[in-house]
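Okay, structure first, notes after.
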Amino acid sequence: MIYNLSSFVNVLSTIGGILLAIILFAVLIFIHELGHYTAGKIFKFKINEFSLGFGKALYTKKKANGEVFSIRLVPLGGYCAFEGEEGGSDVEGAFNKQAWWKRLIVLFSGVLFNFISAIIVSIPLLMIMGEATPIITSFADNTPNHIEYNMETLQEGDIIMAIDGVRPSYTNGGMSLLPRRQGDTPYTITVDRDGVLVDINVTNIVVGTDEDGNDIYGIGINGYENKKLGFFHSVARSVPFCFEMSVDCIRILGELFTGQTRVSDLGGPIATIGAISTSVSSPNGIGLQALLLLFPVIAVNLAVFNFLPLPALDGGRAVFVIIEGIRRKPINPKIENAIHSVGIMVLFAFVIFVDFLQIFKIRL
């Protein structure tokens with residue numbers, strides 16, 4: 001029997017990429033739950049279980065204080081279970097017996113830990129890969145090199161500083177902001193030209209077609225450059241860098257409701273793991289650099305997502321705690337739990353739906 005060594009290596013690479021993606025996703029979940037756990041220990045909350053994953057327990061270990069650490073079958077989430085989290089407990093240290101502001105800190109500590117981890121990893125990212133700087137290096141074949149827009153001309157060497165006030169970054173891809181305007185709708189590009197900021201009004205042109213035969217709009221320019229930063233500059237830039245990622249994430253969610261972003265452009269845990277696997281295992285992948293980029297991007301997205309005031313998420317639970325703090329009276333636990341139960345079912349259904357769209361490449 002003759003084996004195709006190249007195919008075998010590709011299979012191993014793909015399997016390794018998937019395993020690495022699952023590990024990275026599990027690390028991000030662990031960091032998030034560790035935030036809840038750490039804050040809970042500081043405020044002496046009673047913790048029943050710290051779990052990585054959902055479903056059947058593959059490994060459990062019970063500590064002397066009664067806390068259970070477990071690893072479960074489905075590595076797409078996790079939880080830190082506090083005594084009395086669903087109300088009705090009189091045990092010392094129960095979640096429902098703690099001051100509302102302590103509970104609020106515990107709920108948001110997962111988000112905080114994800115954001116801090118993104119900042120830490122962003123420092124070597126900015127040192128090794130640099131910060132994205134869109135710079136016009138050339139024009140597409142079907143675009144004249146000197147198209148005038150309102151008496152101004154885009155020129156080679158112009159550095160794009162903002163598009164309609166939005167700063168280009170790793171998460172919005174810089175140039176990918178351009179096609180968001182369809183047809184001849186004008187928008188403004190701010191460029192740095194020899195140290196002088198110039199605002200240029202631009203109208204899109206058709207620069208190609210997508211896989212469905214739909215027109216792709218743009219302004220027919222090419223170019224992207226990464227500027228590496230020194231250690232101290234990277235440390236100073238890491239916080240605003242991650243903040244800009246979070247703003248991009250919120251903007252995309254807003255565009256989902258206005259129709260500028262399609263539901264099929266989103267992805268759940270499976271799509272996220274697939275994207276990580278593809279980046280780190282493809283022949284053209286960049287290995288460590290891909291992980292350095294994906295880690296803060298996914299960490300920030302996880303933080304923003306959990307911060308949303310939706311039932312079952314940390315932000316949704318925090319809303320009920322804030323309401324309790326204002327009215328100085330707890331909300332009926334049965335009502336709150338029912339809302340969160342419905343919320344988690346809707347959330348899971350939505351995540352499965354967007355992953356289904358990604359897997360089968362359905363565009364909605």
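If amide hydrogens are placed 1.01 Å from N in the peptide plane, which non-local residues have theirs closer than 5 Å to the one on G130? Here L229 satisfy the definition. Annotation: per residue accessible area for the stretch 295-358 equals 55 Å², rounded to a whole number [probe 1.4 Å, protein chains only]. Per-residue 3J(HN,Hα) values for the stretch 81-90, derived from phi via the Karplus relation 6.51 cos²θ - 1.76 cosθ + 1.60 with θ = phi - 60°, read 8, 9, 4, x, 5, 9, x, x, 10, 10 Hz in sequence order (x marks Gly and Pro).
With the simple spin-label model, which puts each label point 7 Å out from Cα in the Cβ direction, the F232 to W100 separation comes to 4.6 nm. A cut-off of 5 Å between modelled amide H atoms, ignoring neighbours fewer than 5 places along the same chain, links E83 with K46, I47, N48, F95.
The values are calculated or read from the model by the stated rules, or taken from the named source; none is laboratory data. Computed from a predicted structure; not experimentally measured. In this analysis, Cβ positions are derived from the backbone assuming ideal geometry, glycine residues included, and neighbour counts consider all displayed protein chains. For accessibility, only protein heavy atoms count, side chains too; no ligands or nucleic acids. Shrake-Rupley method; radii C 1.70, N 1.55, O 1.52, S 1.80 Å.
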